[in-house]
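The values are calculated or read from the model by the stated rules, or taken from the named source; none is laboratory data. Since we're looking at a predicted model, the values are computed, not measured. Cβ coordinates were reconstructed from backbone atoms using ideal geometry, including for glycine residues, and neighbour counts include every protein chain displayed. Side chains included, ligands, DNA and RNA excluded: accessible areas come from the protein's heavy atoms. Shrake-Rupley method; radii C 1.70, N 1.55, O 1.52, S 1.80 Å.
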Amino acid sequence: MTETNTKTPGADATTALSEKEWRRRAARHAARVDALTTDHLRRRHAGERHPVEDFLFTYYSLKPAQLRRWHPGVGTVLLGEGARELLGNRFYTETDAGVELDVPAFLAARPVTDFVERLLSAVAARPAHLGCFGLHEWAMVYRADEVRHTQVPLRLGSKGTDRVVESHRIQCSHFDAFRFFTDAARPRNTLRPTRRTQIELDQPGCLHVTMDLYKWAYKLIPAAPSELVTDCFALAREVRTLDMRASPYDLREWGYEPVEIETAEGKATYMEYQRDFAAQGAVLRERLLEVCRALRAHARTSRQT
């Protein structure tokens, strides 16, 4: 999933990159994003829809061109005359050392940073709860007159889908999944997640919580290094694939074999993926928390000077 070992300098430490070094990083990043987004851009130009991969560009708001734009991240100073190119972007400043993130300006304009740190810290402190089996997708079409993805059929049909929901205990803790449940499905959930209870209920085993690492990463742009944002995107893409393979939709025509969570074998497969994604997510979550800590540390240093 991840390709880079780019790290955010700890605390208020600063790393300086020569123009040769940062241009190499920027070019490598652009090539990686191109490889990840070329098919989507081709489909978009042709007016084609994709039931799995479009989610990363419709539910999430970052555009491919924004993902492609390279940022070094907090605590990194760019050297060389070419670094002044970044001054045309918001939140950059030129100092005696070089071009770097204007931390006070970023924090003043992005109060969401505090929420992101509190949410990620709370999730990181919890064990991963497995065994939800992706039933949130099934609950989104339970006893529905229309399905959400009209271009693909339900694998078990409407009645078969409803029977799966009725024969399982649904325990979705993530509000942004629960809010799409049908009216008939909501009372079947063991929890009543809301936006206000997100910090209290989000947990690292949840596929949507892992996918949302991408959202929190791009909300920290340009403080989060672009390599980290793209690592989060790449993991979200893998998680989205499992999310839809375990869904009630039949995606075999699109090349996705189902994870049949209504069977014991399918449940075991789902939990194996879920455990692996939770472990990968934990690494990225800590890296995002390092960005938040570095922002606070650099802000303290700025106040003292």
Among the residues of the stretch 169-184, are any within 17 Å of Met244 (Cα to Cα), open to solvent by 30 Å² or more (accessible area, probe 1.4 Å) and basic (Lys, Arg)? no
Residue match in the stretch 247-267 (condition: open to solvent by 10 Å² or more (accessible area, probe 1.4 Å), in contact (Cβ under 8 Å) with a residue 12 or more places away in the chain and of a type in the set (Val, Ile, Thr)): no
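Per-residue answers, yes or no, for (1) in a loop (DSSP other than H, G, I, E, B); (2) among the hydroxyl-bearing types (Ser, Thr, Tyr); (3) at pLDDT 95 or above:
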site: Thr2; (1), (2), (3): yes, yes, no
site: Ala11; (1), (2), (3): yes, no, no
site: Ala35; (1), (2), (3): no, no, yes
site: Thr38; (1), (2), (3): no, yes, yes
site: Pro51; (1), (2), (3): yes, no, no
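Does the stretch 235-242 contain at least one residue that is among the β-branched types (Val, Ile, Thr) and either at pLDDT below 95 or surrounded by fewer than 21 Cβ atoms within 10 Å (Cβ to Cβ) (or both)?
Yes, the stretch 235-242 has at least one match.
Can you name the residue in the stretch 116-168 that is of a type in the set (Val, Ile, Thr) and either within 27 Å of Glu253 (Cα to Cα) or in contact with a Leu (Cβ under 6 Å, 6 or more places away or on another chain) (or both) and, of all such residues, is most open to solvent (accessible area, probe 1.4 Å)? Spell out how you get there, then give the answer.
Taking the stretch 116-168 first, the residues of a type in the set (Val, Ile, Thr) are 116, 123, 141, 147, 150, 152, 161, 164-165.
From what is left, the residues that are either within 27 Å of Glu253 (Cα to Cα) or in contact with a Leu (Cβ under 6 Å, 6 or more places away or on another chain) (or both) are 141, 147, 150, 152, 161, 164-165.
On the way: Val141: 9, Val147: 47, Thr150: 105, Val152: 7, Thr161: 1, Val164: 11, Val165: 1 Å².
For the stretch 116-168, the residue satisfying everything is Thr150.
Being touching a Lys or Arg at 6+ places or on another chain (Cβ under 7 Å) and either hydrophobic (A, V, I, L, M, F, W, C) or assigned to a helix (DSSP H, G or I) (or both) narrows it down to one of Thr269, Thr301, Thr230, so name that one. Full working, then the answer.
Working: Thr269 fails: touching a Lys or Arg at 6+ places or on another chain (Cβ under 7 Å); Thr301 fails: touching a Lys or Arg at 6+ places or on another chain (Cβ under 7 Å).
When all the criteria are applied, what remains is Thr230.
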Members of the stretch 83-115 that are among the charged types (D, E, K, R), exposed (fewer than 14 other Cβ atoms within 10 Å of the Cβ) and in contact with a helix residue (DSSP H, G or I) (Cβ under 9 Å, 6 or more places away or on another chain): Arg90, Asp114
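Does the stretch 186-196 contain any residue that is β-branched (Val, Ile, Thr), without any contact (Cβ under 8 Å) to a residue 40 or more places away in the chain and in a loop (DSSP other than H, G, I, E, B)?
The answer is yes, given that some residue of the stretch 186-196 is β-branched (Val, Ile, Thr), without any contact (Cβ under 8 Å) to a residue 40 or more places away in the chain and in a loop (DSSP other than H, G, I, E, B).
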Every residue from the stretch 255-284 that is of a type in the set (Val, Ile, Thr) and either under 23 Å from Leu213 (Cβ atoms) or in contact with a helix residue (DSSP H, G or I) (Cβ under 8 Å, 6 or more places away or on another chain) (or both): Val259, Ile261, Thr269, Val283
